[in-house]
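Novice: Have a look at the structure that comes next, please.
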Amino acid sequence: MIRALHAEWTKLRTMPGNAWCFLGVVGVTVTLSVAFTASVDVGDCATPQGCHEDTTKLALSGTWLGQAAVVVLAALVITNEHGTRMIHTTLAATPRRAVVLLAKAAVVAGVVLAAAVLGVAGSLLTGRFFLEGNGFTAANGYPPLSLATEPTLRAAAGTVLYLVLVGVLSLGAGALLRDTAGTITGVLSLFYLVPIAVQFVGDPRWRERLEKAAPTAGMAVQATRDLDRLPIGPWAGLGVLAAYAAAILLAGGAAFIRRDP
């Protein structure tokens, strides 16, 4: 297993495209968070105390687009090898396919974890600066963003886990589909098109049920205010995404083990 981990880490870090994806996760997450936090101001509300903004969630909103870079990074880890037929070399060196996939999953999780920590930390730091400059201060009823407060710490840690699970899910989809374009399109549709489609469901009860069952339910972990109004709780939502990631990884693993490369 150690040899397989070393081999997968070597392949991932020596491919130029993966480095850009890593930087994309961090850069896109922070940049979009800056755009969101810089665009809100207490002056736009009836009163400074009446904005009712979830400042933590707002500061972490760049995750919405940053996850796309995670999908690309994780998918390429396995689909690139199928596309170039290098998977034959990998399996010749490590015939136990389950070990190969587990090593890939561990490396993807570790790399996404590092990128997510940097992205989340950068988003909170820049978010605090812009939010305070736009009037979201303690004097107006908005405590400064700090990991010392339990809701913000939970949202930050949950966001990191969310991105790691997106990476694991994408790897599983890549093992299942073995095609870069198909994998990226399918997973991005799951996270971007499905939530939009759900909003067109006319029955409010069914719409809420679908929101609870969608993998994007994991984004609920970013909320720190009005939790009773959410379709699903923060950790329960993350659990839904974890179930999707586990199921797709298992399906991809079964296909990877049974099919010819």
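Rule-based calculations on the coordinates, nothing more; no lab input. Note that the structure is a prediction, hence the values are computed from the model and not measured. A quick note on method: Cβ atoms are made from the backbone with ideal geometry, for glycine too, and the neighbour counts reach across all protein chains shown.
Novice: If eta is 0.890 mPa s and T is 25 °C, what Stokes-Einstein diffusion coefficient results for region 48-176, Kirkwood Rh from Cα pairs, in µm²/s?
Specialist: Answer, rounded: 148 µm²/s.
Novice: Please list, by residue number, everything in region 217-259 whose backbone N is under 11 Å from a paramagnetic label point 7 Å out along Cα→Cβ of residue 138.
Specialist: So the set is empty, nothing qualifies.
Novice: Moving on to the next point. So, in nm, how far is label residue 20 from label residue 86 when the simple model puts each one 7 Å beyond its Cα toward the Cβ?
Specialist: 1.6 nm
Novice: Taking residue 104 as the anchor, which lysines have their alpha carbon closer than 25 Å to its alpha carbon, excluding any fewer than eight residues away along the same chain?
Specialist: Answer for residue 104, where 25 Å is the Cα cut-off: 11, listed by chain and number.
Novice: Further question: Using only C-alpha positions, report the orientation-averaged shadow area of the convex hull of region 108-261, nm², one decimal.
Specialist: The number I arrive at for region 108-261 is 11.2 nm².
Novice: Let me test this: with uniform point scatterers at the alpha carbons of region 2-258, what is the Debye-based log₁₀ I(q)/I(0) at q = 0.09, 0.10, 0.12 1/Å?
Specialist: -0.43, -0.52, -0.73
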